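Take a look at the structure set out below.
The values are calculated or read from the model by the stated rules, or taken from the named source; none is laboratory data. A quick note: this is a predicted structure, and the numbers were derived from the prediction, not measured. With ideal geometry, Cβ positions are generated from the backbone for all residues, glycine too; neighbour counts draw on all protein chains shown. Heads up: the accessible areas ignore ligands, DNA and RNA and are worked out on the full protein's heavy atoms, side chains in. Shrake-Rupley method; radii C 1.70, N 1.55, O 1.52, S 1.80 Å.
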There are 2 protein chains.
Amino acid sequence: MAGGMIYERIALIGLGLIAGSIGLRVKRDGLAGEVVGHARSRETRSKALDRGLCDRVTETAAEAVKGADLVILCVPVGAMAPVAAEIGPHLAPGATISDVGSVKQSVIDAVAPHLPDGVHFIPGHPVAGTEHSGPDAGFPTLFDNRWCLLTPVGASEDATDRLTRLWQAMGSNVDHMAPDHHDLVLGVTSHAPHLIAYTMVGVADDLRRVTDSEVIKYSAAGFRDFTRIAASDPVMWRDVFLNNKEATLEILGRFTEELFALQRAIRTADGAMLEDYFTRTRAIRRGIIEAGQDTDAPDFGRGRT
Amino acid sequence: MAGGMIYERIALIGLGLIAGSIGLRVKRDGLAGEVVGHARSRETRSKALDRGLCDRVTETAAEAVKGADLVILCVPVGAMAPVAAEIGPHLAPGATISDVGSVKQSVIDAVAPHLPDGVHFIPGHPVAGTEHSGPDAGFPTLFDNRWCLLTPVGASEDATDRLTRLWQAMGSNVDHMAPDHHDLVLGVTSHAPHLIAYTMVGVADDLRRVTDSEVIKYSAAGFRDFTRIAASDPVMWRDVFLNNKEATLEILGRFTEELFALQRAIRTADGAMLEDYFTRTRAIRRGIIEAGQDTDAPDFGRGRT
């Protein structure tokens, strides 16, 4: 599957964790003739060049997309609209434009109005990442065995196949999905869990009878995993919640309902209800391991050497 | 610190993850003359012998504790009272009795009434574990660089020092704490996060518009870590919540309050509030890494090979 040039020139707008991982993989495997990058900050552009995430950088996004047959927007979801407005007039005829945002319907609403006729718009979301961000965070194997979800809205079959081939060559499995369904599914598997982790870490910090040092020292299983999630990029996540409001609030509503039921079981000492519930959730974990999305290794102890 | 026999004979009551890790470490480093084990199930006893967690096993707990100078109760918190009632009359004069329960005040209430005069009762809680359970789950380095919290209530200084030396020899750092404060601290760092993870995994399973297969396939960052937490032993956790009711419910009350504030910020599109909040929680994560309780490696991508 790997090997062979798929695009002549790929332009990456935004040079953080995801763009960096794309650039490193594309260059490692020769998947494009050239990778051009743009980031607003001069420091980021210079780091990106040093790390070899792209062959050259440009000072403006408009300049970066000129002559590119694939443009990937790798900026936070809230920054998509102004970037699309800037690059729209400069896109090459027949170019494919995609993105890597964690929310899809609002990206479509933000970007589509700025695109000229004759370009292929294929929104995308690689379901991969770490809690690190910025131009130093990427690595070429980030997408291996992960899913990339495409939500094509105005693209030829050829253009969609070509972008699918690129993601497969970068190690991903590719699925197609309607944008609103994407936002609901990711609301469950990613957005709501992140908000919940952020909340729990905030509560721990606020609870004055427990010192920060105690929280930090005794944070083995449980809390430690929450802090890892809650360390993700604040601006990216602010934009995710603001742009997937409906699905996130619906899921949090269900979550609160369920949490109240479990709280009630604790209060009334309903041990059978608790044990049944915990046994059911354990089975879901087994499904994830069987689906190859995680290993069975006991990672709670991963701090040990 | 390691090396040198600290006890003549250690009796482990219950042979799961924690007891197994104690047994393997004690035998690896010669920290006791003999390790005797008891579990209710014949199959568990036989597995424990096969893995070398202990030198011999007994059919009853009463038999196991005879002549032991250290007895460690490694059963779920809800099983402490009947076990203490059974072994109380058989404890050797001057013996130390400890446990590894995740809750301390209710273990003290359950165990203390059954202890004869002249034994040293030092409840303990190694803050270490994985999502696996049973006699196959233990490994000798589980406690390395982890904290063990002791909440001595009726023990001589000599007896407490000796047990402290054992935990240090098994790789732990040791702190002393009042039982009720322990239960509040662990409520924040462990018990509430576990309940929240269980809840979110349950919600995902219930949401009929998203299929199980979708949840499983697209469970990269976020949800995957919740399922790992939610895969922990159901009986152990049922007992934790039933026995740390007050602290858990207090923390969950604070959590719900805070979650509502964040939900409101999403609903009213208060991006500044969200970004501030997420920036603050990120700083807490840094503190944990600096405290040596986790590494900076990007473990969200740990499924990759």
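Of the residues B:Arg45, B:Arg9, B:Arg28, which single one is more than 22 Å from the chain's Cα centre (by Cα) and not in a loop (DSSP other than H, G, I, E, B)?
Going through B:Arg45, B:Arg9, B:Arg28 in turn, the sole match is B:Arg9.
Given the condition more than 7 Å from chain A (Cβ to nearest Cβ), under 23 Å from the mean Cα position of the chain (by Cα) and at pLDDT below 90, answer yes or no: does some residue in the stretch B:291-299 qualify? Before the answer, list the steps.
Start the filter on the stretch B:291-299 by keeping residues that are more than 7 Å from chain A (Cβ to nearest Cβ), which leaves B:292, B:296-297.
From the residues that got through so far, the ones that are under 23 Å from the mean Cα position of the chain (by Cα) too are B:292.
Subset that is at pLDDT below 90: B:292.
Yes, there is a match, as at least one residue in the stretch B:291-299 is more than 7 Å from chain A (Cβ to nearest Cβ), under 23 Å from the mean Cα position of the chain (by Cα) and at pLDDT below 90.
Being polar (S, T, N, Q) and over 23 Å from the mean Cα position of the chain (by Cα) is the filter here, so list the residues in the stretch B:185-227 that pass it. Quick ask: steps written out before the conclusion?
Here is the first cut: in the stretch B:185-227, the residues polar (S, T, N, Q) are B:189-190, B:199, B:211, B:213, B:219, B:227.
Of everything in the stretch B:185-227, those that are polar (S, T, N, Q) and over 23 Å from the mean Cα position of the chain (by Cα) turn out to be B:Thr211, B:Ser213, B:Ser219.
For the structure I just gave you, tell me whether B:Val100 is among the hydrophobic types (A, V, I, L, M, F, W, C) and open to solvent by 10 Å² or more (accessible area, probe 1.4 Å). Talk me through it step by step, then tell me what you get.
Numbers: among the hydrophobic types (A, V, I, L, M, F, W, C): yes; open to solvent by 10 Å² or more (accessible area, probe 1.4 Å): yes.
When the stated conditions are applied, B:Val100 passes them.
Going by the structure shown, is B:Glu59 free of Cβ contacts under 8 Å to residues at least 24 places away in the same chain and in contact with a His (Cβ under 8 Å, 6 or more places away or on another chain)? So that I can check it myself, show each step before the final result.
Values: free of Cβ contacts under 8 Å to residues at least 24 places away in the same chain: yes; in contact with a His (Cβ under 8 Å, 6 or more places away or on another chain): yes.
In short, yes.
Residue by residue through the stretch A:169-198, note down the ones that are farther than 12 Å from A:Cys148 by Cα, facing another protein chain (nearest Cβ under 9 Å) and surrounded by fewer than 20 Cβ atoms within 10 Å (Cβ to Cβ).
Matches in the stretch A:169-198: A:His181 only.
Determine which member of the set B:Ala68, B:Ala62, B:Ala81 is in contact with a Pro (Cβ under 9 Å, 6 or more places away or on another chain) and either open to solvent by less than 20 Å² (accessible area, probe 1.4 Å) or in a strand (DSSP E or B) (or both). Spell out the reasoning first.
Numbers: B:Ala68 fails: in contact with a Pro (Cβ under 9 Å, 6 or more places away or on another chain); B:Ala81 fails: either open to solvent by less than 20 Å² (accessible area, probe 1.4 Å) or in a strand (DSSP E or B) (or both).
Of the residues listed, the single one that is in contact with a Pro (Cβ under 9 Å, 6 or more places away or on another chain) and either open to solvent by less than 20 Å² (accessible area, probe 1.4 Å) or in a strand (DSSP E or B) (or both) is B:Ala62.
Could you list, in sequence order, the residues of the stretch A:225-240 that are over 22 Å from B:Thr130 (Cβ atoms) and not in a loop (DSSP other than H, G, I, E, B)?
Listed by number, the residues that qualify are A:Pro234, A:Val235, A:Met236, A:Trp237, A:Arg238, A:Asp239, A:Val240.
Determine if the stretch B:205-224 includes at least one residue that is aliphatic (A, V, I, L, M), assigned to a helix (DSSP H, G or I) and either open to solvent by 40 Å² or more (accessible area, probe 1.4 Å) or facing chain A (nearest Cβ under 7 Å) (or both).
Going through the stretch B:205-224, the residues aliphatic (A, V, I, L, M) turn out to be B:207, B:210, B:215-216, B:220-221.
Restricting the remaining residues to those that are assigned to a helix (DSSP H, G or I) gives B:215-216.
Okay, now just the ones that are also either open to solvent by 40 Å² or more (accessible area, probe 1.4 Å) or facing chain A (nearest Cβ under 7 Å) (or both), so B:215-216.
Yes, the stretch B:205-224 contains at least one residue that is aliphatic (A, V, I, L, M), assigned to a helix (DSSP H, G or I) and either open to solvent by 40 Å² or more (accessible area, probe 1.4 Å) or facing chain A (nearest Cβ under 7 Å) (or both).
Kindly establish whether A:Val201 is under 16 Å from A:Ile72 (Cα atoms), facing chain B (nearest Cβ under 7 Å), surrounded by 18 or more Cβ atoms within 10 Å (Cβ to Cβ) and touching a Phe, Trp or Tyr at 6+ places or on another chain (Cβ under 9 Å). Can you show your working first?
Working: under 16 Å from A:Ile72 (Cα atoms): no; facing chain B (nearest Cβ under 7 Å): yes; surrounded by 18 or more Cβ atoms within 10 Å (Cβ to Cβ): yes; touching a Phe, Trp or Tyr at 6+ places or on another chain (Cβ under 9 Å): yes.
In short, no.
With the requirement that a residue be buried (at least 24 other Cβ atoms within 10 Å of the Cβ) and either part of a helix (DSSP H, G or I) or without any contact (Cβ under 8 Å) to a residue 60 or more places away in the chain (or both), what does the stretch A:103-118 give you?
Step one: filter the stretch A:103-118 for residues buried (at least 24 other Cβ atoms within 10 Å of the Cβ), giving A:103-104, A:107, A:111.
Once the filter is applied, which keeps residues that are buried (at least 24 other Cβ atoms within 10 Å of the Cβ) and either part of a helix (DSSP H, G or I) or without any contact (Cβ under 8 Å) to a residue 60 or more places away in the chain (or both), the stretch A:103-118 yields A:Val107, A:Val111.
Return the residue satisfying two criteria in turn: it lies in the stretch A:119-140 and is touching a Pro at 6+ places or on another chain (Cβ under 6 Å) and at pLDDT below 95, and of such residues it is most open to solvent (accessible area, probe 1.4 Å). Don't jump to the end; show me each part of the working.
Taking the stretch A:119-140 first, the residues touching a Pro at 6+ places or on another chain (Cβ under 6 Å) are A:122, A:130, A:132.
Still in the list and also at pLDDT below 95: A:130, A:132.
Working: A:Thr130: 14, A:His132: 54 Å².
Per the stated criteria, the residue is A:His132.
Quickly run through the stretch B:228-262 and pick out the residues that are facing another protein chain (nearest Cβ under 7 Å), open to solvent by less than 30 Å² (accessible area, probe 1.4 Å) and under 18 Å from the mean Cα position of the chain (by Cα).
Within the stretch B:228-262, B:Arg228, B:Ile229, B:Ala230, B:Ala231, B:Pro234, B:Trp237, B:Phe241, B:Thr248 qualify.
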